[in-house]
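Shown next, in structure tokens, is the structure this report addresses.
Please treat every number below as a calculation from the coordinates, not as lab data. What you see is a predicted model, and the numbers here were worked out from it, not measured in a lab. Quick reminder, even Gly has a Cβ in these numbers, built from the backbone with ideal geometry, and neighbours come from all protein chains shown.
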């Protein structure tokens, strides 16, 4: 009788351990497939994860810095219409991705100070894929056909290595009142100042 009880005890203990092992394996399989489905990529020097397609809207520049993004470029926007301070910036997972790869162009609004540092919150974004010089993105002033003056735009263009860019594929107006990038439907006849052009270089 003792042998029967020992055999039952061993069988119960073994099946209990086996059930725990199966649960852990299933949980690991689920978490791995979730990462696979979201096409996660690790950032270069950081151990954090950048999920392609994930939005940064609502995040602050402090949170984004902790996520391990590389800051490709940025500029403050001066506006007479709005008292708030804004910025446009481009982020990528590495310096190489800035001009040859996936990145994001962000519209940010100033929210606070952290010591000497200004903290901005992302209020809109454009997901882009650059392939310089055929497909490049930047922000600059442009003259749209029929308009009286130049305006500030985010542009998708071919770098012609000249002072004025005329091969504009797409452009977005920066609407500070709505807090949005507004895509302009027709980019025909648009001429933009080349922000990277320097005479004699």
Provide the FRET efficiency to the nearest 0.05 for the residue 132-residue 57 pair, computing r from the beta carbons and using R0 = 25 Å.
0.45
Two-decimal ratio, the range 49-135, of alpha-carbon radius of gyration to 2.2 N^0.38 Å
1.11
Spin-label pair residue 112/residue 164, simplified geometry with 7 Å Cα→Cβ offset, distance in nm
4.7
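Kindly provide the Kirkwood hydrodynamic radius of the range 96-201 in Å, to one decimal, from all pairs of distinct alpha carbon atoms. Show your work: numbers first, answer last.
On the way: mean 1/r = 0.0667 Å⁻¹.
Result for the range 96-201, one decimal place: 15.0 Å.
Taking other Cβ within 10 Å of each residue's Cβ, how do 69, 110 sort, fewest first?
Working: 69 24, 110 15.
Arranged by neighbour count, lowest to highest, 69, 110 become 110, 69.
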Extended-chain gain in nm, criterion 0.36 nm per residue less alpha-carbon gap, residue 83 and residue 150
22.0 nm
Fewest Cβ neighbours within 10 Å first, please rank 96, 150 accordingly.
96, 150
